Structures are given as structure tokens and as C-alpha cells.
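The values are calculated or read from the model by the stated rules, or taken from the named source; none is laboratory data. Here the structure is a predicted model, which is why all the values come from computation and not from measurement. Virtual Cβ from ideal backbone geometry, glycine too; neighbours counted across all protein chains shown.
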Amino acid sequence: MYTRCTCYAFLCWLRSSLWLQFKPHQIAAGAAYLAARSLNMDLTTYQNVWQEFYTPPSVLKDVVQQLMELF
């Protein structure tokens, strides 16, 4: 089931212009954020983890918004 969802997400991602607008590590940060949110993780305790992706909050917000529009 997860493999099918992952393949579908990847194909949708390729059809979008997301990969032209953002660097791979920024897209990874957005995907990690959405995965953590879908698992109901308390993201307030992990504020510094997003710095590991070298992605400013404004870029993270834009990436997440566009990822959400794909689904």
C-alpha cells in the first residue's frame, strides 16, 4: 500500500513544476514536514530539525503549500 502511494506521489511530483522551483533538500523538508504532520507528531518539539534541511520557514511554507495542492 505504502509503495503504491509513494509511486503515485512521485509521479504527481514529476508532473508539477515543484522540482523546477525548489532545490531537492527543500522538497525533502516539505515532504518530511507533511509526513510528521500526518503521523500527528508534535512538531513544536522539533523546531531545529528544519534547520538541518537548510530550508528557511518561508520556503518550507511554500513547498508544503504546493505539495498539498498536488494531493
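Numbers below:
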{"quantity": "So Q51, is it among the polar types (S, T, N, Q) and touching a Leu at 6+ places or on another chain (Cβ under 6 Å)", "calculated": "no"}
{"quantity": "Residues (acidic (D, E), modelled with pLDDT under 90 and in a helix (DSSP H, G or I)) located in region 28-67", "calculated": "E52"}
